[in-house]
Amino acid sequence: MAFHPVFHGVFESLRFGRVLFVEIAPGAGPGRRCRYCVALSGSPPGRAHFSVPDAAARVILSELDRGASVDAIVLGGPGDPLRHGGVGSILRKIRAAMHAPAIVLTDGALLSDRVVRRDASEADQIVAWVPAQVDRSDELDPVRRAEAFERHVEGIAALGRESQVGIGLELPVVPGVNDGPESVAAWRRAAARTRAARVFVIPGPGVSGSEVAGALESTRAAIHRRAGAFLPDGTPVDSRCLCDRSG
């Protein structure tokens with residue numbers, strides 16, 4: 001399946017500065033839940049070479065040649081960048097050609113695969129989504145969800161052990177649904193286990209910042225001394241969830 005890089009534009013991100021936001025892999029498709037909402041499902045979509053890595057890197061770098069001045073290149077969007085079988089090569093070429101960091105926004109579902117982790121290690125930073133261990137809205141059996149959560153966190157932690165890539169975590173809070181003591185304790189353990197350099201406590205899918213500000217702060221304080229309670233700034237860089245545009 002061919003999928004050429006999609007440029008969402010240059011954005012001012014509260015977290016990453018002025019960034020060029022690029023999509024290199026397709027989303028789940030119309031009518032299907034987005035990658036963030038099914039991150040613990042145990043059946044992530046497969047990988048493929050959606051475009052020739054050399055060509056994809058040239059297209060991305062040519063956008064910068066047109067005069068875009070940025071602090072970072074961010075790979076993200078409805079499709080997880082790590083689905084692209086050539087993402088390691090793309091990242092290497094980007095990093096060789098520019099001094100600004102290359103950042104990958106991943107749902108984390110593929111990081112249990114050593115080959116995927118090897119590719120991910122070519123980024124400067126990986127920001128991984130970590131769903132709550134306990135979520136009252138999820139139909140998945142609680143025991144199976146807890147096991148899936150542990151596998152998910154271990155994939156991220158293994159990346160940290162095997163490489164020098166900077167790791168960030170996104171912890172999505174939905175008050176009264178996934179922010180109970182058990183979930184907060186599990187997130188705290190995940191932050192320690194992955195040795196995350198940055199921890200972003202963010203509003204979960206379907207929750208506005210004004211509704212969740214208090215819960216973000218209390219969760220942040222309980223999880224990690226360097227964690228930040230973060231209100232997304234409305235750009236595509238911070239869009240969660242993506243079910244309405246996963247095609």
Please find, among 190, 132, 185, the residue that is buried (at least 17 other Cβ atoms within 10 Å of the Cβ), assigned to a helix (DSSP H, G or I) and more than 14 Å from the chain's Cα centre (by Cα). 190
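Give me a count of the residues in the range 42-75 that are outside any loop (DSSP other than H, G, I, E, B) and not charged (D, E, K, R). It would help to see each step written out before you state the result.
Looking only at the range 42-75, we keep the residues that are outside any loop (DSSP other than H, G, I, E, B), and these are 48, 53-65, 72-75.
Retained after the next criterion (residues that are not charged (D, E, K, R)): 48, 53, 55-57, 59-62, 64, 72-75.
The qualifying residues number 14.
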Just give me the residues in the range 198-237 being among the small types (Gly, Ala, Ser), modelled with pLDDT of 70 or more and surrounded by 18 or more Cβ atoms within 10 Å (Cβ to Cβ), in sequence order. 204, 215, 227
Residues located in the range 76-110, provided they are buried (at least 24 other Cβ atoms within 10 Å of the Cβ) and assigned to a loop (DSSP other than H, G, I, E, B): 76, 77, 79, 80, 107, 108, 109
What about residue 244, is it modelled with pLDDT under 85, in a helix (DSSP H, G or I) and within 25 Å of residue 77 (Cβ to Cβ)? yes
Taking only the range 61-112 into account, find how many residues are among the polar types (S, T, N, Q) and either under 30 Å from residue 132 (Cβ atoms) or free of Cβ contacts under 8 Å to residues at least 12 places away in the same chain (or both). 3
Between 28, 39, which is modelled with pLDDT under 80, surrounded by 15 or more Cβ atoms within 10 Å (Cβ to Cβ) and either in a loop (DSSP other than H, G, I, E, B) or in contact with a Pro (Cβ under 7 Å, 6 or more places away or on another chain) (or both)? 28
Per the filter on the range 167-182, residues crowded, with 17+ Cβ neighbours inside 10 Å and either assigned to a strand (DSSP E or B) or among the acidic types (Asp, Glu) (or both) are 167, 168, 169, 170, 171, 172, 173, 179
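The values are calculated or read from the model by the stated rules, or taken from the named source; none is laboratory data. Just so we're clear, the structure is a prediction, and the values are computed from it rather than from any experiment. Please note: Cβ atoms are built from the backbone with ideal geometry, for glycine as well, and neighbour counts cover all protein chains shown.
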